Amino acid sequence: MAKVLVKGNEAIAEAAVRAGCRFFAGYPITPQNEIPEYLSWRLPEVGGVFVQGESEVASVNMVYGAAASGCRAMTSSSGPGISLKAEGISYLSGTQLPAVIVNISRGGPGLGSIQPAQQDYLQATKALGHGGFRVMVFAPSTLQEAVDLTYSAWDYAERDRNPVLILMDGCLGAIMEQVEFPEMKEPMREGTKNWSLNRVEGVHRSDRLLTPYFPEAMLEMQNKSRALMVKRWEENDVKVEEFMLDDAEFVVVAYGISARVAKEAILKLREEGYKIGMIRPITLFPFPKESFRKLDYTKVKGFIDIELAIPAQMRDDIALEVKDRAPIYEYCRSGGFLFDDDGVYTAVKKILDGGAK
Amino acid sequence: MKKSLVVSGSGGQGVMSSGIMVAQTAVAAGKCATYLPEYGPEQRGGSAKCTVVVNDTEIISPLASKCDTLITMNEQSYKKFGASLKAGGVLIANTSRVISPITREDIVVVAVPADDIAVELGNIKCANIVLIGALIGADAGIITEEAMLNSLTAKFGSKKQEVLDLNKAALAKGIEFGKAAIAK
């Protein structure tokens, strides 16, 4: 298929349809409104259902219901709306139902700003709701990556019977660039999965979880199996881009739009002779720990965390792996301010020159 | 070669649609392009800006600090973004609304009374196409006349012939201004 110029939000929406998503419920919030807008006409075209719910809470619970029927279902929002959906997302994980949640993030905390930011990293990776469940978090950096990750998201969600979160900043939600869409997947018939409530044949009733409330022993057993699942993610499902790390003395760590601006700066600094590279997590959870572990700490002089968040949020995960073996520097903006090429280049160069002394 | 264009003005002037058309035209001509809109909560009357980056190969960062070409559709946007134009860059000012004197001497200035031209042609809505014409005429290296004519046909071809003709005339008028400016 030829490449087409599309907007980030619409790219995610179309990729979801092609992945077989046939149910969407959501409530409007900037900067993700093009996702529901697009799906409001696109889903009916393919026999799917679009609902603008009366609230975020209602919408996520409609997704909960659709997922329980075996349908590929999705909801999307931005920071403040994701907080409202937190209860429903926890229930999805608690009853082991697959769904895809999209957060096109904006400035925070509180109502924050409608402009782009990366201030939901901690919420996404540590506690998307109460009760200590974890979800895989995909963080695309280009629209092609957004398409590919969305397209595969239900495969992971269904394998694990757990929600998957796509976390993308509002800048990538708004931007237009070229993507190639994958083939249309045949939508899964409802009731063909072992968690489906309307399942008729061949499935043991115990495969389904008909209550979100469990006896103590069963709940602990479930939590143990979920802990093993997270361990498997860390072993098998990490996605990361390692850029120019072989001889790197300084390692930038950035994701999403920040990683693109950082990469431009790295290329320029390489031309000037600086030995600098980048670790770009594509899965924010599971975090690419191995990329940090295999570095040669006799050579690495420092890490530079670049994020659209103040205070820095990803820094904690970097620090857990670096373990005081090298200093961690930061260059951050927040509140809706974006990075720009000169700003990142100048800030990183200043760190390199200072750190090299 | 990587080139960046900023289109700025007031919501309702066709800022965003200009940016999208330029990006689509570049892509149709086989280039890579990104388009990034920036605006507040207002639909009309608020400040509107978009950045288009065009390149022969994949665009790594779409967030250029300074632009190679700047279209300012009103006074406010000229004041706000005038300084973000690189030395040696091209400024296309809609002088029907940009009233401040343009004093920078390190840039190419295309002064086009685009609103007046558009009204004379029959519809103020085509002022942005006049400005895109100026961009082409001034040889900003982003899109070509041929590619833009194809885009106009793709966009307006299904409408009445006079809509397409109006936009083609607007484009031609803008190109004249662009050419005259670089011939100086």
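Overview of results
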item	result
Pairs of Cα atoms farther than 19 Å apart, chain B, %	53 percent
With Cα atoms, 0 to 90° folded angle of helix A:256-271 axis to chain A main axis	30 degrees
DSSP-defined antiparallel bridges as percent of all bridges, chain B, nearest 5	55 percent
Average accessible area per residue (Å²) across the protein assembly as shown - probe 1.4 Å, nucleic acids and ligands excluded	42 Å²
Sequence ranges B:69-76, A:332-339, ranked by mean other-Cβ count within 10 angstrom, highest first	B:69-76, A:332-339
Antiparallel DSSP beta bridges within the stretch A:208-357, percent to nearest 5	25 percent
Sum of side-chain charges, A:M136 neighbourhood, beta-carbon under 9 Å (Lys, Arg +1; Asp, Glu -1)	-1
5 angstrom amide H check on A:Q115, placed H, neighbours 5+ away	A:G107
Accessible surface buried upon B-A contact (total; probe 1.4 Å; Å², nearest 100)	1800 Å²
Using alpha carbons only: equivalent-ellipsoid semi-axes of the stretch A:240-356, gyration tensor based, whole Å	19, 18, 13
Average beta carbon contacts from partner chains per residue of B:60-71, 10 Å cutoff	6
Between helix A:34-45 and chain A: long-axis angle, C-alpha atoms, 0 to 90°, nearest 10	40 degrees
For the stretch B:14-23, Karplus couplings with θ = phi - 60° (6.51, -1.76, 1.60), whole Hz, Gly/Pro x	x, 5, 5, 5, 4, x, 5, 4, 5, 5
Angle between chain A longest axis and helix A:341-356 axis [Cα atoms, degrees, rounded to 10]	60 degrees
Convex hull volume of chain A per residue (C-alpha atoms, cubic angstrom)	138 Å³
Residue-count net charge about A:L172 - beta-carbon cut-off 11 Å; Lys, Arg +1, Asp, Glu -1	-1
Chain A, accessible surface, carbon-and-sulfur percent (1.4 angstrom probe)	53 percent
Overall dimensions of the stretch A:1-53 by Cα: Rg and Dmax, Å	10.9, 35
Chain A: antiparallel DSSP beta bridges as a percent of all, rounded to 5	25 percent
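The values are calculated or read from the model by the stated rules, or taken from the named source; none is laboratory data. These numbers were taken from a predicted model, which means no experiment stands behind them. Heads up, the Cβs are rebuilt from the backbone with ideal geometry, glycines too, and the neighbour counts pull from every protein chain shown. SASA here: full protein model, heavy atoms, side chains in, ligands and nucleic acids out. Shrake-Rupley method; radii C 1.70, N 1.55, O 1.52, S 1.80 Å.
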